[in-house]
Amino acid sequence: MKFYDFEAEDVLCQKRKMEEFKGKVVLVVNTATRCGFTPQYDDLQNLYEKYEESGLEILDFPCNQFGNQAPESNEEIVTFCDAKFGITFKHFAKIEVNGENAHPLYQYLKAQKGFSGFDPEHPLTPFLESMMERTQPDYKESADIKWNFTKFLIDREGNVVERFEPTDDMELVEQKIAELL
């Protein structure tokens with residue numbers, strides 16, 4: 001299977017095939033509106049504006065599995081993102097990224113790139129590690145998504161080439177995107 005073999009519902013309940021992004025560099029992100037990482041929407045929008053014409057697509061998949069931080073409806077999430085961050089990249093319907101109801105796309109992404117740790121320099125890393133150790137002692141061995149704003153980078157051929165945790169510096173994300181473009 002490849003990234004292009006999957007489909008997902010957008011916020012208008014329309015099935016979107018990932019094959020429509022063939023030839024593009026794609027960043028897939030699970031997001032939340034009430035998270036400490038929510039300001040990353042600004043960084044993502046800036047990346048999109050900077051690289052869209054060069055072939056970057058950003059796909060936003062809201063998820064409420066981490067601290068109940070995306071409780072709104074799909075429409076409310078889009079309204080929030082547009083009003084607060086001016087988001088112009090693609091919004092998809094809210095999904096689950098872990099567990100038995102995890103979206104097939106996320107099952108695939110996690111199988112391609114597992115968890116490799118939080119950035120030790122990020123100020124929220126001690127909090128995330130402490131929380132993970134209490135709730136999932138074996139979290140380091142699991143490919144599951146650990147928190148909101150985990151990102152997967154897909155190259156122009158549909159290969160999952162990188163996974164970024166929410167603590168990874170957005171400059172690193174931009175550098176990897178630029179290399180692929």
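The values are calculated or read from the model by the stated rules, or taken from the named source; none is laboratory data. Since the model is a prediction, treat every value here as computed from it, not as a measurement. Please note: Cβ atoms are built from the backbone with ideal geometry, for glycine as well, and neighbour counts cover all protein chains shown. The protein model used for the area step is the full one, side chains on, heavy atoms only, and it has no ligands, DNA or RNA in it. Shrake-Rupley method; radii C 1.70, N 1.55, O 1.52, S 1.80 Å.
What residue, of 89, 149, is on the phi > 0 side of the Ramachandran plot and either open to solvent by less than 20 Å² (accessible area, probe 1.4 Å) or charged (D, E, K, R) (or both)?
Just a single option satisfies the conditions, and that option is 149.
Of all residues in the range 34-88, which are over 11 Å from residue 149 (Cβ atoms) and of a type in the set (Val, Ile, Thr)?
58, 77, 78, 79, 87, 88
How many of the residues in the range 30-71 are free of Cβ contacts under 8 Å to residues at least 60 places away in the same chain and in contact with a helix residue (DSSP H, G or I) (Cβ under 7 Å, 6 or more places away or on another chain)?
Result for the range 30-71: 7.
Among the residues of the range 52-60, is any more than 17 Å from the chain's Cα centre (by Cα) and small (Gly, Ala, Ser)?
Checked against the condition, which is being more than 17 Å from the chain's Cα centre (by Cα) and small (Gly, Ala, Ser), the range 52-60 yields at least one hit.
How do the helices (runs of 4 or more DSSP H) wholly within the range 79-181 filter down when requiring 1 or more residues that are at pLDDT 95 or above: which remain?
Qualifying helices (runs of 4 or more DSSP H): 104-112, 170-180.
Residues 17, 90: which one is under 13 Å from the mean Cα position of the chain (by Cα), under 18 Å from residue 153 (Cα atoms) and among the basic types (Lys, Arg)?
90
Looking at 157, 171, 162, 100, can you tell me which residue is among the charged types (D, E, K, R), out of contact with any Pro (no Cβ under 6 Å at 6 or more places or on another chain) and surrounded by 16 or more Cβ atoms within 10 Å (Cβ to Cβ)?
Just a single option satisfies the conditions, and that option is 162.
With the condition kept exactly as written, say whether any residue in the range 14-27 is of a type in the set (Lys, Arg), closer than 21 Å to residue 174 by Cα and open to solvent by 10 Å² or more (accessible area, probe 1.4 Å).
Looking for residues that are of a type in the set (Lys, Arg), closer than 21 Å to residue 174 by Cα and open to solvent by 10 Å² or more (accessible area, probe 1.4 Å), one finds at least one in the range 14-27, hence yes.
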